[in-house]
Amino acid sequence: MPNEGLKELYIDELKDLYNAENQLVKALPKLAKAASSEELREGFQEHLEQTKGHVQRLEQIFKSLGENPKGKKCLGMEGLVAEGAEVMDEDFEGAVMDAALIGAAQRVEHYEIAAYGTVSEFARILGESEHVSLLEETLEEEKETDEKLTDMAKEINSQANEEAEMSEGEESSEEEQATPDRRKKPGKRAA
């Protein structure tokens, strides 16, 4: 069978995605908890429910293939999740933390968009039209999530910039108060 190597690769990539999605099911609640924006928190919670659906679609594909979805660890997602955890360990606050969380989440979405695009094309070549429909449905949801994050980022990044400017202004004011002005006042002579 000429497609046997491609089918093996397809199954391997699906296993990788299955593990990636399950890693996200564990990571998304942590991102939601770290978010200060209600809109961002709700977005993470909504995507968690969507991700659970992605897992179910993959399980449906594995069932039709007669394959076990387990047995592969997605190192790419593991790295992206670790980067997200690093972001949460930073001492960012408010909109700055939210901006960092969005950046981490978009890296995840871009990874998934690439992965689902790849396996969808494999399914198409292999004649797995039902799989193509399921995979493309997930691919579209990942793209929509990325667009929502981009839209949120516009507002949150502006807020983060304002917060940073206010914080810098407060620090400058505190420094000025802490450092007495030793210059001579105009019109006064030194004794």
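Report yes if some residue within the stretch 24-37 is more than 17 Å from the chain's Cα centre (by Cα) and either surrounded by 13 or more Cβ atoms within 10 Å (Cβ to Cβ) or assigned to a helix (DSSP H, G or I) (or both); otherwise report no.
no
With respect to R41, is the statement that it is within 27 Å of E136 (Cα to Cα) and in contact with a Ser or Thr (Cβ under 7 Å, 6 or more places away or on another chain) true?
In short, no.
Being farther than 20 Å from T150 by Cα and touching a His at 6+ places or on another chain (Cβ under 7 Å) narrows it down to one of E21, E67, so name that one.
Just a single option satisfies the conditions, and that option is E21.
Can you tell me how many residues in the stretch 61-72 are loosely packed, with under 13 Cβ neighbours inside 10 Å and on the phi < 0 side of the Ramachandran plot?
4
Given the structure, is V96 part of a helix (DSSP H, G or I), at pLDDT below 95 and surrounded by 15 or more Cβ atoms within 10 Å (Cβ to Cβ)?
yes
How do the pairs read when you match residues in the stretch 13-26 that are under 19 Å from E49 (Cβ atoms) with residues anywhere that are in a helix (DSSP H, G or I) and polar (S, T, N, Q), using Cβ under 6 Å and keeping only pairs 6 or more apart or on different chains?
Every condition considered, the pairs that remain are E21/T51; L24/T51; V25/T51.
Per-residue answers, yes or no, for (1) of a type in the set (K, R); (2) modelled with pLDDT under 60; (3) out of contact with any Cys (no Cβ under 9 Å at 6 or more places or on another chain); (4) loosely packed, with under 13 Cβ neighbours inside 10 Å:
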position: V132; (1), (2), (3), (4): no, no, yes, no
position: E136; (1), (2), (3), (4): no, no, yes, no
position: E140; (1), (2), (3), (4): no, no, yes, yes
position: E144; (1), (2), (3), (4): no, no, yes, no
position: E155; (1), (2), (3), (4): no, no, yes, no
position: S172; (1), (2), (3), (4): no, yes, yes, yes
position: E176; (1), (2), (3), (4): no, yes, yes, yes
position: K184; (1), (2), (3), (4): yes, yes, yes, yes
position: G187; (1), (2), (3), (4): no, yes, yes, yes
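Could you check the stretch 99-116 and list, in sequence order, the residues that are surrounded by 15 or more Cβ atoms within 10 Å (Cβ to Cβ) and among the small types (G, A, S)?
A99, A100, G103, A104, A105, A115
The values are calculated or read from the model by the stated rules, or taken from the named source; none is laboratory data. Computed from a predicted model, the values in this text were never measured in an experiment. Virtual Cβ from ideal backbone geometry, glycine too; neighbours counted across all protein chains shown.
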